[in-house]
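Working notes, structure below.
The values are calculated or read from the model by the stated rules, or taken from the named source; none is laboratory data. This one's a predicted model, so the numbers in the text were calculated from it and none came from an experiment. All Cβ positions, glycine included, derive from the backbone under ideal geometry; neighbour counts span all protein chains shown. Accessible surface is based on the protein model in full, side chains and every heavy atom, while ligands, DNA and RNA are left aside. Shrake-Rupley method; radii C 1.70, N 1.55, O 1.52, S 1.80 Å.
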Amino acid sequence: MSSIKIPNNKVELVNLIFTQLEVTYHNQFHKAYPDKNSLSLAKQLWLSQLQKFEEKIIFDSVSSLMVSSEYLPSLSKLVVSCKELKANLSGIPSVSKAHQEVCNSKSNFERFSWSHPIIFYMGTETGWDFLWTHSEKDSFKEFQINYDNLLDEFIDGKTFQNPNFPKLPKKVESIPNKTSQLSQIQKLKNKLIN
């Protein structure tokens, strides 16, 4: 995105970001950070909230926000941008595309070719039956909550493996006779009663 050398130290990176923001949003910047104390506190806050992202992701997100917004970006807007970029670079689709993917897997979610393993777990957290029996509007709201939660876990370092479903045997070895089936049913009834 830019020819500026990205520092490999987050403290230097935050200082560079604030310099870029000051140059780009001069009046807004000085209104938001009117003195050295407020600027120092803001840098500390930004540094603490951006620790989980790689330097390049932070830098590219800030650059993108500066190009697309005429207003000084907030820390929360930057964090969202970093999450979106990290997800995109990791092959995780947007929430709407991920929702569409889980809904399209209805007939065969065990053997579905997921764009990223995390999408399967997002569907599982939301509930497959819920996704397939509720309106898209209702299921999307619930799915989005799980998308955000699992994406946060992913960004915090959790890895998601492709689901591994046990294979069913091609041939059933033995079929229980009627007497053993009735005996098994009676045992289950007794468990429920007691």
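Compute the longest continuous run of the chain that contains no exposed GluC sites (Glu not before Pro); treat a site as exposed when its DSSP state is not H, G, I, E or B and it has at most 14 other Cβ atoms within 10 Å.
For GluC sites (Glu not before Pro) (loop position, at most 14 other Cβ atoms within 10 Å), the longest site-free span of the chain is 1-69.
As I understand it, the value is the acute angle between the Cα axis of helix 136-155 and the longest principal axis of the Cα atoms of the chain; what does it come to in degrees, rounded to 10?
Between the helix axis and the principal axis of the chain, the angle is about 70 degrees.
Enter the angle in degrees (range 0 to 90, nearest 10) between the Cα long axis of helix 178-193 and the first principal axis of the Cα atoms of the chain, meaning the one along which they spread out most.
The two axes meet at around 50 degrees.
What do you get for the angle between helix 10-24 and the principal long axis of the chain? Use alpha-carbon atoms, 0 to 90 degrees, nearest ten.
60 degrees
Rounded if a/c is under 1.5, else prolate if a/b is larger than b/c, else oblate: which is the stretch 100-172, with a ≥ b ≥ c the root eigenvalues of its Cα gyration tensor?
It is oblate, given that a/c is not under 1.5 and a/b is not larger than b/c.
If R₀ is 41 angstrom, what is the calculated FRET efficiency for the pair Ser96 and Asn37, using the beta carbon separation as r and rounding to 0.05?
So, using R0 = 41 Å, E works out to roughly 0.45.
May I ask for the distance between the Cα centers of the stretch 75-109 and the stretch 52-66, given as a whole number of Å?
18 Å
What number, in percent, do you get for the relative contact order of the stretch 80-194 if the mean sequence gap of Cα pairs under 8 Å and at least 6 apart is divided by its residue count?
Averaging sequence separation for qualifying contacts and normalising by length gives 25 percent for the stretch 80-194.
When the accessible area of the stretch 1-99 is split by element with a 1.4 Å probe, what percent falls to carbon and sulfur?
54 percent
So I have (1) 91, 51, 41; (2) 71, 43, 32; (3) 85, 38, 33, and one of them is Cα extents along the principal axes in Å calculated from this model. Which one is it?
Among (1) 91, 51, 41; (2) 71, 43, 32; (3) 85, 38, 33, the one calculated here is (3).
Ignoring ligands, DNA and RNA, what accessible area per residue does the stretch 61-136 give at 1.4 Å, in Å²?
So the stretch 61-136 comes to 54 Å² accessible per residue, rounded to a whole number.
What is the stretch 11-80 by shape, rounded, prolate or oblate, if you read a ≥ b ≥ c off the alpha carbon gyration tensor as root eigenvalues and call it rounded for a/c under 1.5, prolate for a/b larger than b/c, and oblate otherwise?
Taking the square roots of the gyration eigenvalues as a ≥ b ≥ c, the stretch 11-80 is oblate.
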